[in-house]
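Inspection log for the structure reproduced underneath, given as structure tokens.
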Amino acid sequence: MFQDITNSQQDLEQYKERLEKISSEFELGLFIHIVRKSILWILLFLGISVFLCYLYLRYTQPIFEASTILQLRTENTPNKILNIQAFGSNDDNNNSISESIEFLRSRDFTKRALSKLPLEIEYYNEGTFRSMESFHSAPYVVEISDKPSSLKGIRIYTEFSERTLGRIYFTLNKIKYSYPFRENEWTTTPFLTFRISIIDYPTILNNESLVKKTPFYFIVNSLQDIVNIYKGSIQVKLLSDAAKTLKISFSDNNPEKSADVVNVLATEFKQSDVDRKSESTQKIIKFIDTQLDTSYIQLRDAEASLQEFKKTHPAQENDIVSAAKATRVNTLEDKVLSNQIQVDLLEKAIKKIESSSTVDSYNLLSMLVGTEYDAAIRPPLENLEKLLEKKEEMLYDVTPNSGAIKNMNYLIDIQKKILTETIRVLEQTMKDKVGNLESRTDEIRTNYYKLPESELEFLKLQRLYNVHEKYYTLLLEKKTEYSISKEGNVSQINILEEATTPKIPVSPDKTIAISIAIALGLLASILLVLIRYLLHNEINSLHEITKQTQSSIGTLGIIPKYKKDIPVSQLLVDKNPKSLIAEAFRSVRANLQFISNEPGPKIMAVTSTISGEGKTFVAINLAGIIAYSGKKVIILDLDMRKPKIHLGFNVQNIKGMSTMLIGKDTPEECIQHSSLENLDFITAGPIPPNPSELIISSRMDEVLNSLKKSYDMIIIDNPPIGLVTDGISMIQRADYPIYIFRAEYSRRNFVQNLDRLYNENKIKNLSLILNGVDVQGNRYGYYNYGYGYGYGYGYGYGYGYYDDQHHKTEKSFIGRILGRFKKK
């Protein structure tokens, strides 16, 4: 337990150190190796992400977008010819475009346009994961006499049992209701009165015959709900300020509906442009008609009075002087009358503004038409009209007592005051003008008093007739002008590009979805590789060992990983003498001379940090390859806590080192012969309670001295020194102390044990072997550098020594694919 805690702490410290130095000590070879080891995980992540992308694309409702392009014209040809400015027109093109955009976005316009489409009843086919709307393609039509508020948004299913019979059913407040109906007949239920007409019975019949039916259902919506749902999907934006072009777009799950909504918005906008212009002209003409009736009566009475006077006073008008004076008086009095009428109209307009909380701009304009100051009144009146329209739009979203409405009322009051003051100034100007005209008229009249009374009466009647005649003629002219303008009112909006039914959805975008899926898969793979790189703590090459160690420890070489299962004997060099693994042990045997080349018998002690690193496997095969050279070799199993030599040679472990060290058996009685010439072995024997004391006893020295007389090499399979200290004494007295690491198994902190043996225990001739290296799978990869001296001389695959048929195994399909990928 203490050893595990220590190892965990060491791993954590190494992880922190690697994290701090990752930028400066990045090992590309190790990173590539981890990528290769993680290739299956990478493919799995990519496969999962692509599969999730497929599910997303398969079961996500597609969104289609349709759009139309409009161009706004600001020139009205009839009004330009007649020199008439219709109310609502504006010379500022930018303001006109901005007003059009806001009008298209308004709730009132959206409601009016959507009311032209059959949207209050929506038809669907219910699928397993999503429902498909049947817009213009439903096989039946539902008519409802009144919109039931309790069933708004509820799915009402329809089922047809025969050509003319069926039923509807729905769930309301967790209670199921079902009502039969007959085609084309009104059916009354407690919730709604409806009539269903079938228009495509083959489609219904085909659906009913399917094993997996897709139920039909419809949903009843109010127009207000439809506006609330669709308004957010309607987009209006300016394309070109110079060309005055706008783009209207709408997104929906149904492509036909998206195109129809956009087209009806464009058509209704075009029609509303005509309606708005005609409304002002129509009200003005109506006011003129009223004034014409009154003026005609006054003109008829004046004409009758003049004719009656002529009958009783003939030849009065022949007096040239009187006629000239009458003309002057008539001219002045016409001006007085005309200006007085305008004063009266201005006073009437002021009273209307001050007496009402709302202002009817069209009535005010019709009252003031024909006055010489109507152009000055138009701008403040139009500004007031815009504020009132904006207030009406705001009332759909906020309450009348809200702060926004109060602020808008304040702006409206200010605009009304500006309009009132403008009219008052104009009124005072007109009054001053009337006063001057009356003074001049009175001056001329003073001279008229000297004329006979009959002449004065004639002049008075003639003047009154002329005034009414001119006013009547003026009204007729104005009516003619506005009538022509009304008939010439055409839309100033051109539809440059009509909306068509979209074929490709804008969402989900397959290209973007697949790209994101692949990116997420790669990101997950990169994170996995980085985590494995940061947490990597295994030894994979001699380079890592030499990098971690603080001592100059010799390297004997590496032992390749055996691709097939190792046989029970664990002795491989005698099975395939020219195999890659045999050449590796020959390389190690050759490198032993650099440690000690003196004549005489030698002791070799093999140990490792923990069990499982292959020290027994290395000891047996190294013994076999030395025996091949003609030297007598014996293997001693001193790992008495976990003996393995007897398993390797497939013999019983009845007696051996433990019985020999206690004096029960002699070396001659314990020595066993292998199938290989010159190779003998002594098993560990029964597990003793005190293996450490037996190993360091004097009896051990006697045994070794006795064996040296008969053998050239004594190879001792020591216990792992990372777990117990039994084998240190043998390592110290050995001529060839060898430390075993196993690739992808031994941890990096095991190198510290190697340093302690070298520095603290003064084992200066200590050397190491890296076991279990996957040479074939990493020919161009991480293992290929830093092999160190020995095996680096070229003993390996591709140099003519490898003909081991046991290694030439048939690869699976996935193995061949991964092999090609690694080569690339």
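Heavy-atom accessible area for His136, with the other protein chains in place and a 1.4 Å probe, reaches approximately 130 Å². Once the chain from Arg105 to Leu395 is taken as fully extended at 0.36 nm per residue, the excess over their C-alpha distance is 102.9 nm. Residues Asp665, Asp701, ordered by accessible area of protein heavy atoms at a 1.4 angstrom probe radius and largest first, appear as Asp701, Asp665. Thr267 exposes around 80 Å² of accessible area when a 1.4 Å probe is run over every protein chain in place. Compute the FRET efficiency between Ser611 and Ile514 as 1/(1 + (r/R0)^6), taking r as their Cβ-Cβ distance and R0 = 56 Å, and round to the nearest 0.05. E between Ser611 and Ile514, to the nearest 0.05, is 0.70. Length gained on full extension, Asn494 to Val724: 73.3 nm, using 0.36 nm per residue less the C-alpha separation. Length gained on full extension, Lys470 to Leu43: 144.1 nm, using 0.36 nm per residue less the C-alpha separation. Quick check for you: which residues of the stretch 140-177 have the amide N under 17 Å from the point 7 Å beyond the Cα of Glu185 toward its beta carbon? Taking a point 7 Å out along Cα→Cβ of Glu185, the residues of the stretch 140-177 whose backbone N falls under 17 Å are 143, 159-168.
Tally up the carbon and sulfur contribution to the accessible surface of the stretch 174-284 as a whole percent, 1.4 Å probe, everything protein left in place. C and S fraction of accessible area: 53 percent.
Of the cross-linked pairs Lys311/Lys470; Lys348/Lys431; Lys311/Lys460; Lys231/Lys390; Lys111/Lys391, those separated by over 19 Å at the C-alpha level are Lys311/Lys470. Label zone (Lys631, point 7 Å along Cα-to-C-beta; backbone nitrogen cut-off 19 Å) within the stretch 663-701: 674, 676-682. Computed over protein heavy atoms with a 1.4 angstrom probe, the accessible surface ordering of Val529, Val506, largest first, is Val506, Val529. Taking the stretch 627-731 as the region of interest, the number of lysine pairs whose Cα atoms are within less than 20 Å, with members eight or more places apart or on different chains, is 7. Placing a label point 7 Å from the Cα of Gln224 along the Cα-to-Cβ direction, the residues of the stretch 109-142 whose backbone N falls under 15 Å from that point are 111-112. If r is the Cβ-Cβ distance from Thr214 to Val651 and R0 is 60 Å, what FRET efficiency results, to the nearest 0.05? E(calc), rounded to 0.05, equals 0.20. Take the Cα of Asn537, step 7 Å toward its Cβ, do the same at Ile687, and the gap between the two points is 2.7 nm. Site pair Ser483 and Glu669 shows an inter-label distance of 14.6 nm when each label is modelled 7 Å from Cα along Cα→Cβ. In this rough spin-label picture, where each label sits 7 Å from Cα along the Cβ direction, the Gln235-Lys708 distance is 9.2 nm. On the beta carbon distance between Lys116 and Tyr54, with R0 = 45 Å, the FRET formula returns roughly 0.65.
Nearest-5 percent of antiparallel DSSP beta bridges in the stretch 561-719? Given both bridge residues lie in the stretch 561-719, the antiparallel proportion sits at roughly 10 percent.
When nucleic acids and ligands are ignored and a 1.4 Å probe is applied, Tyr410 ends up with an accessible area of around 140 Å². Computed with a 1.4 Å probe over protein heavy atoms only, the accessible surface of the stretch 625-690 comes to 47 Å² per residue.
Ordered by 1.4 Å accessible area with all protein chains kept, Ser145, Ser541 run largest first as Ser145, Ser541.
The values are calculated or read from the model by the stated rules, or taken from the named source; none is laboratory data. These figures come from a predicted structure and were not determined experimentally. In this analysis, Cβ positions are derived from the backbone assuming ideal geometry, glycine residues included, and neighbour counts consider all displayed protein chains. Side chains included, ligands, DNA and RNA excluded: accessible areas come from the protein's heavy atoms. Shrake-Rupley method; radii C 1.70, N 1.55, O 1.52, S 1.80 Å.
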